[in-house]
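The values are calculated or read from the model by the stated rules, or taken from the named source; none is laboratory data. Everything numeric here is computed off the predicted structure, so don't read it as measured data. Reconstructed Cβ throughout: ideal geometry from the backbone, glycine too, with neighbour counts over all protein chains shown.
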Amino acid sequence: GCFVFKPSPKKRRVSQKTANDFGARNNDSEDAELRFATCQSLWNQIKSETEQIQEDLNKQLFDNLVSFLRQSHSEFQEKTTEWTCRMKSREIPTAALVLGVNVTDHDLTFRSLSEVLQNNITPYIALLEAKDCPGIKNLMQKLMGQLMDCYIEVDSLEDEDCVQVSQKRIRCSMTSLINWYEDVTKKTDSKTPSKKRTSSSRHWQSPPVIVIFKDMESFITKVLQDFIVISSQHIRELPLVLIFGIATSPMIIHSLLPHSVSSLLCIELFQSLSCKEHLSTVIEKLLLTAQFPFKLGEKVLQVLINVFLYHDFSVQNFIKGFQLCIVEHFYSQPLSVLCCQLVDAKKRVNSLSHNQCENIRRLPSFRRYVEGQASQKQISLLTEDNFLKEIIQKLLEDLHVYHENYISVLRCLHVFTSSLPKYPLGKQIRELYCACLENRVWETEEYESSLQLARMLNKSDLVTMLQQCVEIFVSSSGKEFDKTVEKLKEFLTQFQKLEAEAFQEQDVSLSPQKDLQKKTDLYHLQKTLLELKESRRSKKLTKFEKLRFEVVDYIDSLVRNYLVPADNKTLHEIVYFNTASVLRGHLNAAPRIALHTALNNPYCYLKNQALKSDGGSISNKAPDICIVYKLHLECGRLINLVDWLEAFSTVVMAVEGPNADAASSDQVDDIIHARFIRAVSELELLGFIKPSKQKTDHVARLTWGGC
Amino acid sequence: MPNLEHPAYPAAALHHLESLVPCRESQVSMLLSIFGERQQLSFPSIFIYGHTSSGKTYVMQNLLNTLQLPHVFVNCVEYFTSRLLLEEILIQLQSHSSEREQTSHVLCDTFNDFVRLFKQALASRGCQDETLYIVLDRAEQLREMEANILPAFLRLQELTNRNVTVVLLSEIVWELFRPNTGCFEPFTLYFPDYSIGHLQKILSQNHPPEYSADFYAAYINILLGVFYMVCRDLRELQHLAVLNFSKYCEPVVRGEANERDTRKLWKNIEPHLKKAMQTVYLREISSSQWERLQRDDGEPGQLKGLSAHTHVELPYYSKFLLIAAYLASYNPVRTDKRFFLKHHGKIRKTNFMKKHEKTSNHLLGPKPFPLDRLLAILYSIVDKRVAPTANIFSQITSLVTLQLLSMVGRNDQLDGPRYKCTVSLDFIRAVAR
């Protein structure tokens, strides 16, 4: 279990029933089915987008790998007579694939890798995992099973009399593997030309056999060593290529394999993209775009990013978390029907029911909006559904435009802040995004200091940044930016002019110096020097500085205009998912705490009024196990069973009142005894106690180290 | 040097054999005298040992092949279970006797079956009276199979009552094999390491056809001068020789030096070989990368070796967990209170210092610690409050799978698990930065 993803309790069950669930569990079952459908289609879009991202990011790595694999056994085909080839000891070509510690993501990578290899290099690929290979025997079994299966799979269409190999019957040795390989390659040779064309266009005559070790670190060294030694002996007959999936660092190869074994390998290193970059791309493509109507609130995004940075580095988990947000949003927010593309949303507004209109009127942001309107309008907004719908359409459009502009300006601001020393607003755009979502960014200290720093940028940097900004605005979908682009271009031309002027001025400033040499009078010299200095300070520098100030101020104004936090926008509740606490509850499971609460305060889960706890005392109505648990909390490392039983019976009998006291004091009821035994064994099952060998009729406490 | 002589075998074959196994003449003649003539019964089992690549396998193969003695050659690593091993021997026997029924599958689970089937196989084979040699390479693997396998192989002659000799090849001495119940003592034969002179002779023997033998011998001489200190493995040296030869020839090919210009050639190749020792010999960069570098005349500096990538990026809490584990592994429990508690008592310095003056904890290696201690240290070194969520616990297990921590003694599931930190000080420094 490595950085496990625990499927959240509210995973979607894809069925019609779910759609019903969607509303049924909520009181207002408004548009439940529509919401469910919207949610599904949105998620499907996002899913395909993330897959695309993954593919693009891995492309470089896979290309390198493919070319390596192409080369690796080129010798196998051709020159075998040459002196160097004869003399050189034959090494097994090996790719060390460093993938980073986010083991959860590796599965996907390997899956797409084997797909790529299957398409480009060879049909013979085996993926091995450490947990399947406790011994060399299991490894060989697994390997042969996968390889021979894959062969059958390739040929399954022809349905010829290919040997139905049952795994049991085959001897798990390299010889049978080699025989199999010879058979297979011979067969491809003798195929009819038409078939040959299809097969050999992708693979050549004797395609290599690729063995992928998914998690190199977990393999037992002996198994790996044996396998390498065995296969190196047959490398001439079986063109084998190994791929080691490495999570930590390639040093692990040397620590796992002794020199005598690693000298049999010809290792080349391949490094995948770091997971942080991957995350940045995902955030950029999923969140910083107007393509998807659904948005995350600041707190929620922070939770997801924190889980990523603090705990697992897993992009898959991030995406799953994002999915959870989507489901939760569509489930809990009845107005999320409108969280779709603008065109659809407008249509849907028209068909809103009266209840939904009421829902909208209840939205805090909408109420704020209403309060800002004239009283006549207020009334019609609150009473006429049709008028309301019109306004909503307009507001939705505003929101959409706001998002479009927001992203462009955010990127533009990021261009500036990401090149400042010490990154007061963060290096990554996601940090900036969080800051901007949180509150008015221009009111923060960091923003202030970054503006200060921006005012000290040099010209070449400033010009390149402006050019970048122009590109961003030109390529953005927002319509309001024509003016901005013009303005920025104007700045650029001014900078150019400034440059030209500077050249001229240099010429000019050269001339007085020439004069200077002529004059020998001390007084005059001093005077001209002073003048020079003066002019330099007041005239030449200010031009650039002024312009720089203008630019920074302009950017500032853009920020103030467009980067208003979403909370201030009317109807933001429709598209923003903000309930971070729910998400946190789902993602940060705390088993110890949950268990303790359940046993210590059963009311929390059972919701039985009788159990409502009144402080520290132990209620006798609680389930037996809770009573036993509470009692054991008061004990030390070793618990005397007799004392415990006594205490238990006292608590349980308390209800009978003092009159029963005398009878039960020295002899415990059999039923109570049985209940006690059962409760104790339940605790043992849960791992709170275990029988102790130190003292008879004592048990040892296992949790929280005793008192 | 003793020329190989034996009345039973033709002189030409012996001569050929001698040319194939340079520097091993005395061992070969010893073996020949033990083998005797083809029909003679030989010693039941022979144990040959010697260091890596001292020519054990090579000599045996050439000896048996050149003299065309009936034999079976099996690598015990490859046939890792006794069943596979026995079956493989039988299959090889069968395939020698009759090519046609190669596919017939033999089932052989026990040694008893083996003896029976072995007799059958020998009977179906024509040459019953000739000695059959069964060579078991990497015989140290036999010790890990069933207890009866090794003693049984040692007295196979007696068990089968046939003319058969078992030859065991191994890198370790016989004393480590001997089962405590006792067994038949094989004849042991030691293959000593090749001396530098031997290496020179053997390596120079296979010179490339384009160049003269002297030229290549001079090259080998230089190569051995550089590598002999670190590597005496013949195979590895041969590999290195081939890898770097093209570089050695470069001046000759370009016409800047002729073949006799040893000094110039030496100057050219020596730094190159030194570089090779640090990179390709240690498998820091692969040999194909090295060849590519040579062809492009690039500096090896451009290519980072495997150990250059030591940095491991870890999630925030994993880093702290690892640091906490390191602290727990190398600090004694007594000091925890002093290091991690705000209001600790006064330290009795004298007591503490005296005991630990001499032994550094780093020399003693990591000590196991319970999970609770790890978490307690974690809580005290992280500034913020850490909730003991499943995320934290799953990170511990993933650190174990990444081999940064290791679990000690997992016999009792209910006992708090104990871990050890397996990373080095340098690594933890890099993480802590």
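Please tell me if residue B:245 is at pLDDT 85 or above and crowded, with 19+ Cβ neighbours inside 10 Å.
Values: at pLDDT 85 or above: no; crowded, with 19+ Cβ neighbours inside 10 Å: yes.
Against the criterion (at pLDDT 85 or above and crowded, with 19+ Cβ neighbours inside 10 Å), residue B:245 does not qualify.
Out of the residues in the stretch B:229-280 that are within 14 Å of chain A (Cβ to nearest Cβ) and not in a helix (DSSP H, G or I), which is nearest to residue B:197 (Cα to Cα)?
B:232
Write out, first by first residue and then by second, each pair whose Cβ atoms fall under 8 Å of each other, whose residues are 6+ apart or on separate chains, and whose first residue, in the stretch B:156-179, is within 24 Å of residue B:40 (Cβ to Cβ) while the second is of a type in the set (Asp, Glu).
Filtered contacts from the stretch B:156-179: B:163/B:129; B:163/B:130; B:169/B:137.
Consider the stretch A:218-230. How many of its residues are crowded, with 22+ Cβ neighbours inside 10 Å and either more than 10 Å from chain B (Cβ to nearest Cβ) or within 15 Å of residue A:255 (Cα to Cα) (or both)?
Residues in the stretch A:218-230 being crowded, with 22+ Cβ neighbours inside 10 Å and either more than 10 Å from chain B (Cβ to nearest Cβ) or within 15 Å of residue A:255 (Cα to Cα) (or both): 2 in total.
Could you check, for the stretch A:246-268, whether at least one of its residues is at the interface with another protein chain (Cβ under 8 Å from one of its Cβ atoms), part of a strand (DSSP E or B) and either surrounded by fewer than 21 Cβ atoms within 10 Å (Cβ to Cβ) or aliphatic (A, V, I, L, M) (or both)?
yes
Regarding the stretch A:322-332, can at least one residue be identified that is assigned by the TED database to the domain that holds residue A:429, touching a strand residue (DSSP E or B) at 6+ places or on another chain (Cβ under 6 Å) and in a helix (DSSP H, G or I)?
For the stretch A:322-332, residues assigned by the TED database to the domain that holds residue A:429, touching a strand residue (DSSP E or B) at 6+ places or on another chain (Cβ under 6 Å) and in a helix (DSSP H, G or I): present.
Give A:466, A:457, A:425 a once-over and let me know the one that is in a helix (DSSP H, G or I) and surrounded by 14 or more Cβ atoms within 10 Å (Cβ to Cβ).
A:466
Working carefully through the options B:200, B:205, find the one that is closer than 30 Å to residue B:46 by Cα and within 12 Å of another protein chain (Cβ to nearest Cβ). Lay out the reasoning, then the answer.
Numbers: B:200 fails: within 12 Å of another protein chain (Cβ to nearest Cβ).
Only one candidate qualifies: B:205.
Give me the helices (runs of 4 or more DSSP H) completely within the stretch B:128-222, filtered to those with at least 1 residues that are surrounded by 14 or more Cβ atoms within 10 Å (Cβ to Cβ) and charged (D, E, K, R), ordered by residue number. Give the steps one after another, and end with the answer.
Numbers: elements: B:149-154, B:156-160, B:196-205.
Ranges flagged: B:196-205.
Just to be sure before I move on: is residue A:318 free of Cβ contacts under 8 Å to residues at least 60 places away in the same chain and buried (at least 19 other Cβ atoms within 10 Å of the Cβ) in the structure I sent? Before the answer, list the steps.
Numbers: free of Cβ contacts under 8 Å to residues at least 60 places away in the same chain: yes; buried (at least 19 other Cβ atoms within 10 Å of the Cβ): yes.
Here the answer is yes, as residue A:318 does meet what is asked.
For the stretch A:617-649, how many residues meet the condition of being in contact with a Ser or Thr (Cβ under 9 Å, 6 or more places away or on another chain), buried (at least 19 other Cβ atoms within 10 Å of the Cβ) and under 17 Å from residue A:675 (Cα atoms)?
Selection size over the stretch A:617-649: 4.
So, residue B:112, is that one surrounded by fewer than 21 Cβ atoms within 10 Å (Cβ to Cβ), at pLDDT 85 or above and either touching a Ser or Thr at 6+ places or on another chain (Cβ under 7 Å) or over 21 Å from residue B:160 (Cα atoms) (or both) or not?
Values: surrounded by fewer than 21 Cβ atoms within 10 Å (Cβ to Cβ): yes; at pLDDT 85 or above: yes; either touching a Ser or Thr at 6+ places or on another chain (Cβ under 7 Å) or over 21 Å from residue B:160 (Cα atoms) (or both): no.
Taking the combined requirement at face value, the residue does not satisfy it.
Anything in the stretch B:281-315 that is more than 10 Å from chain A (Cβ to nearest Cβ) and either modelled with pLDDT of 70 or more or surrounded by 19 or more Cβ atoms within 10 Å (Cβ to Cβ) (or both)? List them, or say none.
Keep residues of the stretch B:281-315 that are more than 10 Å from chain A (Cβ to nearest Cβ), which gives B:293-302.
Across the stretch B:281-315, the qualifying residues are B:293, B:294, B:295, B:296, B:300.
Does residue A:558 fit the bill of being out of contact with any Asp or Glu (no Cβ under 8 Å at 6 or more places or on another chain), closer than 25 Å to residue A:321 by Cα and of a type in the set (A, V, I, L, M)? Break it down into steps so the answer makes sense when it comes.
Values: out of contact with any Asp or Glu (no Cβ under 8 Å at 6 or more places or on another chain): yes; closer than 25 Å to residue A:321 by Cα: no; of a type in the set (A, V, I, L, M): yes.
Here the answer is no, as residue A:558 does not meet what is asked.
Does residue A:230 qualify as being β-branched (Val, Ile, Thr), over 26 Å from residue A:62 (Cβ atoms), more than 37 Å from the chain's Cα centre (by Cα) and modelled with pLDDT of 85 or more?
Details: β-branched (Val, Ile, Thr): yes; over 26 Å from residue A:62 (Cβ atoms): yes; more than 37 Å from the chain's Cα centre (by Cα): yes; modelled with pLDDT of 85 or more: yes.
Answer is yes for this residue.
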